[in-house]
Amino acid sequence: MNYRTDLAGLTLEIESPADGVTFRRFRGEDDYGHMARLLMATSKADGGLRYETADRIAVAYANLTNCDPYLDMIFAEAEGQPIAYSRVFWEDKLDGERMYGAFGWLHPEYRGQGIGSAMYEANEARVGKIAAEHPADLSKHMLTVTAEVDVTGMRLVEKHGFEPDMYLADMVRADLRDIPTAELPDGIVERTPTPDEYRKLWEAEAEAFRDHHGASEPQESWYEEFLADPNFDPTLWRIAWDGDSIVGAVRSFIDKEQNEEYGRLRGWTEDIFTDRNYRRMGIARALLCQSLAVLRDAGMKEAALSVHTDNPLGAYKLYESVGFVVERQDIFFKKPL
């Protein structure tokens, strides 16, 4: 995709709702540090433990799909410093709908001044322009997200006609003592994949997640981001095999920089899946219990994961059954175009 880099940093004519606040376009990699700072500030205000750096954002932005950041991002500034940014993009969902995402992050000190609303309205106008260039017979909707505890964010989405679509919970197991045990079914073995099997693992994961709410067709750029993840550590993974076939996985990781920032010893048990032909056999439970022990043996004191609370495959109940409890929640909101 050829980005409109000629637009970098240009002022945007958005009516400012607050004195001294101006709006501009994306400036390229010079903005990554500002974005990391804003992501962490909003996360902390909303009870999260997100950790970002300019380098981590560079990895994600090297693999954007259906988004030109020079056209599709807005930055708000006060006293010469970014205080918010937003981005729009689109994806085709497996249910046949085309989703137009409009996500934004506003420094908590500036909430409640109308800045988020001004940026949202500009984003909605941009989405409308993009959608008008797409086939008219497509079913289209906008999607946005806010933390459940963000009162101003909740007011904004309600004001603009959004309805709740799905709930994403961060769950935590506060200690790694008394980890339950569970055995893999007969014939299923656990083995760490070799580098030439990483693609097979990613494809198995992508196939399993096709059953989930809001699933999209996997993109090649997602595989590149998978490999470039700064917390990529196969020694922590637990992968289930039936012969040469991957039938389940838990891809744990330890974010050392995040732990240093927040003074915790937390590991993450994420990207949990089971092949649809092997579900209800206890594979996910066995791998998850093994993964908790792996994190404990690596010196961690707690474990966390994220899950859609309405997961149709019973993931939420599984995680509760091994000791995870909800720490915080984000709500995704949807409205038709």
Rounded to the nearest 0.05, FRET efficiency between D233 and F103 (Cβ-Cβ, R0 22 Å) equals 0.20
Over the chain, what is the mean sequence separation of C-alpha contacts under 8 Å (at least six apart), divided by residue count, expressed as relative contact order in percent?
-> 20 percent
Chain lengthening between A136 and D19 when straightened (0.36 nm per residue, less Cα-Cα) = 38.1 nm
At a temperature of 25 °C and a viscosity of 0.890 mPa s, determine how fast the stretch 5-161 diffuses translationally according to Stokes-Einstein, using the Kirkwood radius over alpha-carbon pairs as Rh; express D in µm²/s, rounded to the nearest whole number.
-> 151 µm²/s
For A45 and D92, extending 7 Å from Cα along the Cα-Cβ vector and measuring point to point gives, in nm, a value of 3.8 nm
What per residue convex hull volume, in Å³, do the alpha-carbon atoms of the chain yield?
-> 140 Å³
Local electrostatic count at M119 - Lys and Arg +1, Asp and Glu -1, tallied over other residues with Cβ under 14 Å | 0
In the stretch 57-120, which GluC sites (Glu not before Pro) fall in coil by DSSP and have 11 or fewer other Cβ atoms within 10 Å?
-> E79
Rounded to 0.05, the calculated FRET efficiency for the beta carbons of A8 and R191 at R₀ = 56 Å is 0.75
Contour excess over end-to-end distance, with Cα ends at E203 and V151 and 0.36 nm allotted per residue | 14.8 nm
Given the Cα-Cα distance of E302 and S321 and 0.36 nm per residue of separation, how much length would full extension add, in nm?
-> 5.3 nm
Mean residue ellipticity (222 nm) of the chain, computed from DSSP H runs ≥ 4 via -39,500 (n - 2.57), nearest 500 | -9000 deg cm²/dmol
Kindly provide log₁₀ I(q)/I(0) values, in the same order as q = 0.12 Å⁻¹, from the Debye equation applied to equal alpha-carbon scatterers of the stretch 225-281.
-> -0.37
Is any helix in the chain, taking whole DSSP H runs, at least 18 angstrom long along its axis by alpha carbon and on average at least -0.5 on the Kyte-Doolittle scale, and which ones?
-> 32-45, 115-132, 283-297
Relative contact order of the stretch 171-329 (C-alpha contacts under 8 Å, at least 6 apart) in percent is 34 percent
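Expressed in nm², what is the orientationally averaged projection area of the convex hull enclosing the Cα positions of the stretch 123-225?
12.0 nm²
Under 8 Å for C-alpha pairs, at least 6 residues apart: give me the relative contact order for the stretch 1-157, rounded to a whole percent.
After rounding, I find 22 percent.
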Report, in whole Å, the centroid distance computed from the Cα atoms of the stretch 170-222 and the stretch 9-69.
-> 30 Å
Taking L313, L236 and counting other beta carbon atoms within 10 angstrom, the fewest-first order is L313, L236
Out of N277, N63, N231, a Gaussian network model of the chain with alpha-carbon springs under 10 Å gives the largest mean-square fluctuation to N277
Take M142, M300, M1 and order them by how many other Cβ atoms sit within 10 Å, fewest up front.
-> M1, M300, M142
antiparallel share of DSSP beta bridges within the stretch 236-322, to nearest 5, in %, is 75 percent
Among K93/K317; K159/K301; K200/K317; K200/K256; K301/K334, the pairs whose Cα-Cα distance exceeds 30 Å are K159/K301; K301/K334
Net charge of neighbours whose Cβ lies under 15 Å from the Cβ of L49, counting Lys and Arg as +1 and Asp and Glu as -1 | -2
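We did not get these values from a lab; they are worked out from the coordinates using the rules stated. All of these numbers come straight from a predicted model, not from anything done at the bench. Glycine also receives a Cβ, built like all others from the backbone with ideal geometry; neighbour counts cover every protein chain displayed.
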